[in-house]
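So the structure is just underneath, and the comments pick up after that.
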């Protein structure tokens, strides 16, 4: 009798320079079991080390849930109290990700699933996607939501935290949480196209741009300008900085070297 192969809790697929990291527990609404959390950390580390991968897309399997948050059954069995900071990947906090990241939200993004969306640089959502910080419904906490008022208006963040009520995809776009809302059937193609537009650009400029956006949230304006000058100087001094204008002059596609 042949044993049935166990599917991985998280899959990694590289498509034309775009790494797709997919939570693969659709029957459990892609909730964050230990295997999923470990798989996400491993997948992000693989992306960081993958020279061929220019952009990371994080998504969930199926059309019901991006990620419904923590595995409450597992939490109850383990008696989880305060989750450690490294309980789940938080890009820029417990795992550094210099290259761009996109959340392709294919359904509900609740609690820890919302955390994953929040930490991505860009968000593309299916029309039926829903977003909620639902911890108040089950007596849990959301300290990871501290940066949320930087991403969306503070009163919207306050309502989300106090009620646990979900935002529709359109409302999330209006609030600034989501970049694009598309029909569910077009989510993968739309996200891949966005990722490719990023990947086609000069990689040093892309990474410096990502760092620049976050400066004002981390420092005062004067300090942000100073830090931005430091971040961008190696870009200006790179060979790519000469290649871009030369390609424009020669009416050809630039050939980026990443140096």
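The values are calculated or read from the model by the stated rules, or taken from the named source; none is laboratory data. Remember, it's a predicted structure, so these values are computed and weren't measured experimentally. Reconstructed Cβ throughout: ideal geometry from the backbone, glycine too, with neighbour counts over all protein chains shown.
Can we say residue 58 is surrounded by fewer than 19 Cβ atoms within 10 Å (Cβ to Cβ), in contact (Cβ under 8 Å) with a residue 24 or more places away in the chain and farther than 17 Å from residue 145 by Cβ? No. In this structure, residue 26 does satisfy being in the same structural domain as residue 168 (by TED's automatic domain parsing), surrounded by fewer than 22 Cβ atoms within 10 Å (Cβ to Cβ) and at pLDDT 95 or above. Sort out which residues of region 41-54 are without any contact (Cβ under 8 Å) to a residue 60 or more places away in the chain and either in a helix (DSSP H, G or I) or in contact with a helix residue (DSSP H, G or I) (Cβ under 6 Å, 6 or more places away or on another chain) (or both), and write them in order of number. Hits for region 41-54 are 41, 42, 43, 44, 45, 46, 47, 48, 49, 53.
Looking across 103, 109, one residue alone is touching a strand residue (DSSP E or B) at 6+ places or on another chain (Cβ under 8 Å) and within 19 Å of residue 47 (Cα to Cα). It is 103. Screening the candidates 190, 172 for the property of being closer than 18 Å to residue 19 by Cα, crowded, with 16+ Cβ neighbours inside 10 Å, in contact with a strand residue (DSSP E or B) (Cβ under 9 Å, 6 or more places away or on another chain) and in the same structural domain as residue 66 (by TED's automatic domain parsing) yields one hit, 190.
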